[in-house]
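Just below is one structure, and these are the notes that go with it.
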2 protein chains.
Amino acid sequence: MDQVVGFLGGGQLGRMTIEAANDLNIKCVVLDQGHSPAKQVLAHAEHVDGSFKDPASVKKLAEKCTTITVEIEHVDTYVMEEIEKDPNFRAKIEPHWQTIRTIQNKYNQKLHLHQHGVRTAEFEDLEGKSEEDIKTLGQKWGYPLMLKSKTEAYDGRGNFPVKSDADILEAMQALGGRPLYAERWANFKAEVAVMVVKAKNGEFAYPPVETVHEDSILKLVFAPARNVSKGVLQQAQKLATKAIGTFKGKGVYGVEMFLLEDDSLLVNEIAPRPHNSGHYTIEGCYMSQFQAHLHAILDLPIAQEDLELREPSIMLNILGGETTDSHEKVKMKALHITRKAHIHMYGKGPARKGRKMGHITVTAKTMAQAEALVQPIVDIADEVRGKPQKWIQLQPSSQSPTPLVAVIMGSDSDLPKLEAGIRILDKFSIPYEARITSAHRTPVWMAEYAESARLRGIKVIISAAGGAAHLPGMAASHTCLPVIGVPIKASNFDGLDSMFSIVQMPRGVPVATVGVNNSTNAALLAIRILGVGDPEAWDKTVAFAEQNKNDVLAKDVRLLEEGALAYLQKMS
Amino acid sequence: MDQVVGFLGGGQLGRMTIEAANDLNIKCVVLDQGHSPAKQVLAHAEHVDGSFKDPASVKKLAEKCTTITVEIEHVDTYVMEEIEKDPNFRAKIEPHWQTIRTIQNKYNQKLHLHQHGVRTAEFEDLEGKSEEDIKTLGQKWGYPLMLKSKTEAYDGRGNFPVKSDADILEAMQALGGRPLYAERWANFKAEVAVMVVKAKNGEFAYPPVETVHEDSILKLVFAPARNVSKGVLQQAQKLATKAIGTFKGKGVYGVEMFLLEDDSLLVNEIAPRPHNSGHYTIEGCYMSQFQAHLHAILDLPIAQEDLELREPSIMLNILGGETTDSHEKVKMKALHITRKAHIHMYGKGPARKGRKMGHITVTAKTMAQAEALVQPIVDIADEVRGKPQKWIQLQPSSQSPTPLVAVIMGSDSDLPKLEAGIRILDKFSIPYEARITSAHRTPVWMAEYAESARLRGIKVIISAAGGAAHLPGMAASHTCLPVIGVPIKASNFDGLDSMFSIVQMPRGVPVATVGVNNSTNAALLAIRILGVGDPEAWDKTVAFAEQNKNDVLAKDVRLLEEGALAYLQKMS
């Protein structure tokens, strides 16, 4: 029997995994209702119509395949256990049914993580607990706290935030009848997610992304996460990999995390399957999470480098709005705005409010470009859904865009000499940061600053210095970014001392030196350098040169018309 | 009735177009045999089983859809004409049946292009012609010449190269029974193809690609075409757009061209549908040729900018080999080499020799990286097909890459001072050109050189100068590229004269000045500047700094171990 992958569930996650399988001639069979999204993109008579919670249907699927996987965790793990233990079935199950069973129950999931030393928010079982017990918890943890259903909870359903003692009864009634637990409120500054691939040769992590939720439903994903230091990104990958290391079974897993104010991380939730926060990988990475899932469960080759980002990416969910065709409206309007965004509709028929009907991924050379591309589409999605137009950005990078140029000086006494250059950066809308860091008085901070500059997005450094003028050369020694040196005319020698200190660097560490006090040229040179890779910056330098030319030509005409002496008179 | 697209033909081109349609919730119906590749990725009962050449089946399809399109040109255009003229059918046909009918017949296609002023190779009808007539042609054009079947010709089938008088009878017999024409041999240095989108708002062209054939079957596509000047690329887009402008009907068209030794272009062949040379667009561009085809035939929005290349791309066809599973072997081996290559298998079942079973697309930041990634996969594809291992490269781009750095000097007397910098560019494999151009003795040529530098691909200019030292500043006045000035120590003033001339540029025109005679730092600065946009160049500067650091540390260890005086002794 050839390799056949059976899917419990035929929603959009199954659909996109099957699209990846189709590209590889990998045979798949789907168990779900009639014309579900996954079945639409794979025509054959072997699919099973039925529920992925129905044991008989699951066994029927198992007979048809060599590997069973899930695209939803709300499956019947007991029939999966039975299939695994029954030698009549040859189908392997990935990930393991125990993993799915543990994850299905959010309380057990948290307990499992806690027992394996993976940090989560504090939580407590509410089995047999009364309103009074919860009040006691409220006193201990402070409000708000979360009341959560242990099972069948997703997209915010089954969660109830309790803001004071007075809310407790309402919360218990709203979640009534379900097994509950309580969770301490995590005061996070951002939500971060990492897709982890668990394969026979180890665990591998996709880049951490920033997730933005609206009404408890994922709305936007930024890959890589914005405004987060490299150290935190590495921590997020490490924590996610550690968490998935505690579970049995191969496949991709989604790990959702909270990033707290102190830059520490908590694991919030695990999904034992491809995840909405990984959809961007189709266009954003060389290998999508869906292909990675297939590789993991089928023991096909996979390595960390496969999960690299091709380009900064933003994903926007297309959610059902007030009308059944709202998603189609978003699609058509998005197509009218740009065709650089890739649209994925899920073939779900009429929309229900808040239902995931499709998604859009934008990729671009820079995150700022991706943000500019996606912004009008987000506006339209909000408008169609009847949401007030607002651009959700935790720390909007377009309002305070990542600086491309660092203007540094050893002392604020150099600032007046840098003013002309800074005004040019401003005029050309080149994002910059101006900082004081001294080679002599803050040597360690200066070194750290220069070393981390590139990771923070800086592309060129302009450094002013006078006298011994070590700053440009020292900055160039601590980074491989191009450094432009502006010799400042200090008290002696007309600035010649500064110029020699800056320009006469030893072989190996270049500083691009401009004229004494000439921060204008430093700024223009920085823009020329940016223009090497950025057509927009190029256009700006060309426009500047053009204006300069016209200014001179205009003056020449005036000189011709007025005569030299009259001109001279007006000058004084 | 909702919009429904009917496809005549269900091969891989239809399959990939339907994958694009699925992403957009666009309904499709396919006419072809049973389980054809296109039907596999779209499950519903409305497909039509039958031949796209059978009038009754075509009419059956037409009843089910609002737009009919083709994924193969060997269709029955007479039934299409009938459908267009019969008001009972509401289905529009795109592109127009007349276009398909003209293109189906290669002789008529050439005649059409010729009549519309589109340059092709010389050709002549052979209807009613004898062996003697062909000999006369051979004398007129010279050998080899091509004998071609007018109809049902593709992938080299229906073509016979005639090398001498003696071949003529054999050729006529081999192509026997079919209507023939003769074509003069085009002595091309490369084959170039352009996908053109003909939409309601005009014609738009994808980037010209370089195509490489083996045994008359397309094997490799390089996007963009390598080693071709920008001017030729523009000519290719212009010629392709002109050619498609002469045909009726919307959709994407493939235009295959010959690039002759004198850089002029001939149109070789037109395909009125998505084309193998455009498969790279799925990963290589923001909008694939398949989505573009749908947008064109359905009047969805489209613009030139949508067709931009995301990254340099190479496509390799997976062709059937000696065994029926050869394509699966290529796939598995390719997966073991890298997962950065995207594999598309077509679901065609057992392979036939030379049949297109799938393709692989590699994208990378640079063409050189893409070439390095694809090379081992090409080797494996060759090996599996029993072909001798050889790397087909018409003009391997790694041997004469476009220079990124221009090293200019006013006189060859400056060259010795530039040697150290040039050696660094060499060592780091940064493509450069060294030129002599003087601000004073060749002012016009110097200006032209600087002005055209960017269009030729130059990103940074290094300019040496001594004495009055005008060259760096004048070059910077004629281009907005970053210019690095190297003051050369001339006969007087220890180079201070040169330095002042270079560094003290007026506000508005910056020159990045390095130390006197320090071309080493000029080269390193150039690489740092390239590193702003090119991670590879960045890695090189980091590696250089690392090696410098290690050199110093090693010397320090030696100094410590040997003692200062012993060390000093060895130095002399």
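In peptide B:23-31, what is the residue-averaged number of other protein chain Cβ atoms found within 10 Å of each Cβ? Walk me through the intermediate numbers first.
Details: counts 12, 8, 12, 1, 1, 0, 0, 1, 0.
Shielding by partners across B:23-31 averages 4.
Charge dipole of the protein assembly as shown (Cα centre as origin; +1 on each Lys and Arg Cβ, -1 on each Asp and Glu Cβ, all else neutral): 240 debye, rounded to the nearest 20. Judged by the gyration tensor of its Cα atoms, with axes a ≥ b ≥ c, the protein assembly as shown is oblate; a/c meets the 1.5 cut and b/c is at least as large as a/b.
Computed from phi, the 3J(HN,Hα) profile of region B:51-61 under the Karplus parametrisation 6.51, -1.76, 1.60 (θ = phi - 60°) reads 9, 6, 9, 8, x, 5, 5, 4, 5, 4, 5 Hz, with x in place of Gly and Pro.
Residue by residue through A:84-94, how many Cβ atoms from other chains fall within 10 Å of the Cβ on average? Intermediate results must be reported in sequence, preceding the final value.
Working: counts 0, 0, 0, 0, 0, 0, 0, 0, 0, 0, 0.
Whole-number average of other-chain Cβ neighbours for A:84-94 is 0.
Computed from label points 7 Å out along Cα-Cβ, the spacing between A:Lys570 and B:His116 is 5.8 nm. Karplus-derived 3J(HN,Hα) values for region B:163-169, using 6.51 cos²θ - 1.76 cosθ + 1.60 with θ = phi - 60°, are 8, 7, 3, 5, 7, 4, 4 Hz; glycine and proline are entered as x. Note on region B:323-342 and region B:165-194: Cα centroid distance 35 Å, given to the nearest whole angstrom.
Among B:Gly508, A:Gly177, A:Gly254, whose Cα projects farthest towards the positive end of the dipole of the protein assembly as shown, with charges put on the beta-carbon of Lys, Arg (+1) and Asp, Glu (-1)? It is B:Gly508. In a simple Cβ point-charge model (Lys, Arg +1; Asp, Glu -1; nothing else charged), region A:122-184 has a dipole of about 120 debye relative to its Cα centre.
With respect to chain B, whose longest principal axis is taken over its alpha-carbon atoms, helix B:230-245 is tilted by about 20°.
What FRET efficiency do you get for B:Lys53 and A:Asp299 if R0 is 45 Å and r is their Cβ-Cβ distance, rounded to the nearest 0.05? Intermediate values should be presented prior to the final figure.
On the way: r = 44 Å, r/R0 = 0.98.
With R0 = 45 Å, the Cβ-Cβ based efficiency is 0.55.
If you place +1 on the Cβ of every Lys and Arg and -1 on the Cβ of every Asp and Glu, how big does the dipole about the Cα centre of chain B come out, in debye to the nearest 20? Kindly include the intermediate steps, with their values, before the conclusion.
Working: 65 positive and 69 negative charges, 101 e Å.
About 480 debye.
From helices alone, the protein assembly as shown scores -11500 deg cm²/dmol at 222 nm; the rule is -39500 (n - 2.57) for each run of n ≥ 4 DSSP H residues, then divide by the residue total. By the beta-carbon count within 10 Å of each Cβ, the least crowded to most crowded order of A:His74, B:His293, A:His275, fewest first, is A:His74, A:His275, B:His293. Shielding value for B:496-507 is 5, the average number of Cβ atoms from other chains within 10 Å of each residue's Cβ.
Taking every alpha-carbon pair under 8 Å whose residues sit at least 6 apart, chain B reaches a relative contact order of 8 percent. Between identical copies, the spacing of A:Arg178 label points, each set 7 Å from Cα toward the C-beta atom, reads 6.7 nm from nearest to farthest. Taking Cβ atoms as reference points and 11 Å as the exclusive limit, the residues near A:Pro144 contribute a net charge of 0, counting Lys and Arg as +1 and Asp and Glu as -1.
Among the listed pairs B:Lys427/B:Lys459; A:Lys92/B:Lys340; B:Lys140/B:Lys189; A:Lys150/A:Lys348, a Cα-Cα separation exceeding 26 Å is found for A:Lys92/B:Lys340; A:Lys150/A:Lys348.
When the Cα positions of A:Phe123, A:Phe188, B:Val70 are compared along the charge dipole of the protein assembly as shown, A:Phe188 comes out farthest toward the positive end, with charges on each C-beta of Lys, Arg, Asp and Glu.
Between A:Val557 and B:Glu308, the modelled label-to-label distance comes to 3.5 nm, taking each label 7 Å out from Cα in the direction of the beta carbon. Going from the residue with the fewest nearby Cβ atoms within 10 Å to the one with the most, B:Arg528, A:Arg441 rank A:Arg441, B:Arg528. Cα to Cα, under 16 Å, and not fewer than 8 places away if on the same chain: which aspartates and glutamates meet these conditions relative to B:Lys219? Within reach: B:Asp155, B:Glu191, B:Glu210, B:Glu256, B:Glu371, B:Asp379, B:Asp382, B:Glu383.
Does chain B classify as rounded, prolate or oblate by the C-alpha gyration tensor (a ≥ b ≥ c root eigenvalues; a/c under 1.5 gives rounded; else a/b over b/c gives prolate, otherwise oblate)?
Judged from the Cα gyration tensor, chain B comes out prolate (a/c at least 1.5, a/b above b/c).
Each Lys or Arg adds one and each Asp or Glu subtracts one; over the other residues with Cβ under 11 Å from the Cβ of A:Ala62, this totals +1. With the simple spin-label model, which puts each label point 7 Å out from Cα in the Cβ direction, the A:Ile337 to B:Lys135 separation comes to 7.2 nm.
When a/c is below 1.5 the answer is rounded, else prolate if a/b is larger than b/c, else oblate, so apply that to region B:405-531 with a ≥ b ≥ c taken from the square roots of the Cα gyration tensor eigenvalues. It comes out rounded by the Cα gyration axes.
As a proxy for reagent exposure, B:Asp299, A:Asp167 were ordered by neighbouring Cβ count within 10 angstrom, fewest first; the result is B:Asp299, A:Asp167. Each Lys or Arg adds one and each Asp or Glu takes one away; over the other residues whose Cβ falls under 13 Å from the Cβ of A:Lys242, this sums to +2. Within the straight-line cut-off of under 17 Å between alpha carbons, the lysines reachable from A:Lys242 are A:Lys110, A:Lys198, A:Lys200, A:Lys250, sequence neighbours fewer than 8 places apart in one chain being disregarded.
We did not get these values from a lab; they are worked out from the coordinates using the rules stated. All values reported here derive from a predicted model rather than from experimental measurement. Counting neighbours? That spans all protein chains shown, and the Cβs are built from the backbone with ideal geometry, glycine included.
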